[in-house]
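Only one structure is covered here, and it is reproduced in the block below.
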Amino acid sequence: AQSVTQPDIHITVSEGASLELRCNYSYGATPYLFWYVQSPGQGLQLLLKYFSGDTLVQGIKGFEAEFKRSQSSFNLRKPSVHWSDAAEYFCAVGAWSDYKLSFGAGTTVTVRA
Amino acid sequence: NAGVTQTPKFQVLKTGQSMTLQCAQDMNHNSMYWYRQDPGMGLRLIYYSASEGTTDKGEVPNGYNVSRLNKREFSLRLESAAPSQTSVYFCATLSGAANTEAFFGQGTRLTVV
């Protein structure tokens, strides 16, 4: 069974600074990997996804993520954070062969002025 | 352009009461899912339906039942609500085709007192 670990529960970053959120997964085959963002009181919005090919994927809102098979990681990055990036971020791994999408516990990002 | 619609958005139940959470999608997707979101635990899969006419248990199915009424609708029923079921519930859909992602409803915030 697949699983996802997000080691950081909460990250505080200054506006304009860079941001990196960590995600490690466990899955026997090549995974489908996702990052979702959830603003307070809202549903989940897809930031980016990885299925195959180029290991550096670009997403919306200036985010990117890099798939590293050797480290079983899919870390999310943004070069310069905006106050509107304050939200909760979820990494997820998909196993469409058994129709399940597993989520990490989430990382809450606070942006200070 | 509704996507995935959940009703109700908010609900307060007394312990022992029953209720059904409704989910409808207009995306013509095959697979539908029910997740619950609790602080520090991410999203956990309750039940899913890979296609019309099939349902399967996820990680935390106890205390819940589901019905895949047709391709569009997937309901979640709490027969006898317990305070431990206080949570935010999300419905999601997936087309089943390659290179796709899950789409989420806006969530139902349920409080059991």
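Please treat every number below as a calculation from the coordinates, not as lab data. Remember, it's a predicted structure, so these values are computed and weren't measured experimentally. Please note: Cβ atoms are built from the backbone with ideal geometry, for glycine as well, and neighbour counts cover all protein chains shown.
List of remarks:
- Inter-residue pairs, beta-carbon under 6 Å, first under 13 Å from A:Ala87 (Cα atoms) and in the stretch A:2-25, second part of a loop (DSSP other than H, G, I, E, B) and of a type in the set (Val, Ile, Thr), 6+ apart: A:Val13/A:Val81; A:Leu19/A:Val81
- Odd one out for B:Lys71, checked against (1) charged (D, E, K, R); (2) in contact with a Phe, Trp or Tyr (Cβ under 6 Å, 6 or more places away or on another chain); (3) part of a loop (DSSP other than H, G, I, E, B): (2)
- Checking the stated criteria, B:Leu110 turns out to be away from chain A (no Cβ under 11 Å), under 21 Å from A:Ser39 (Cβ atoms) and among the aliphatic types (A, V, I, L, M).
- Residue match in the stretch B:30-53 (condition: among the β-branched types (Val, Ile, Thr), crowded, with 21+ Cβ neighbours inside 10 Å and free of Cβ contacts under 8 Å to residues at least 60 places away in the same chain): yes
- Criterion applied to B:Ser80, B:Ser84, B:Ser75 was being away from chain A (no Cβ under 12 Å), touching a residue at least 60 places away in the same chain (Cβ under 8 Å) and surrounded by fewer than 20 Cβ atoms within 10 Å (Cβ to Cβ), and the one residue passing it is B:Ser80.
- Matching residues in the stretch A:1-38 - criterion: being over 19 Å from B:Arg36 (Cβ atoms), of a type in the set (S, T, N, Q) and surrounded by fewer than 17 Cβ atoms within 10 Å (Cβ to Cβ): A:Thr5, A:Thr12, A:Ser14, A:Ser18, A:Ser26, A:Thr30
- 3 or more residues in contact with a Leu (Cβ under 8 Å, 6 or more places away or on another chain) and within 12 Å of chain B (Cβ to nearest Cβ): qualifying strands (runs of 3 or more DSSP E) within the stretch A:1-60: A:32-38, A:45-50
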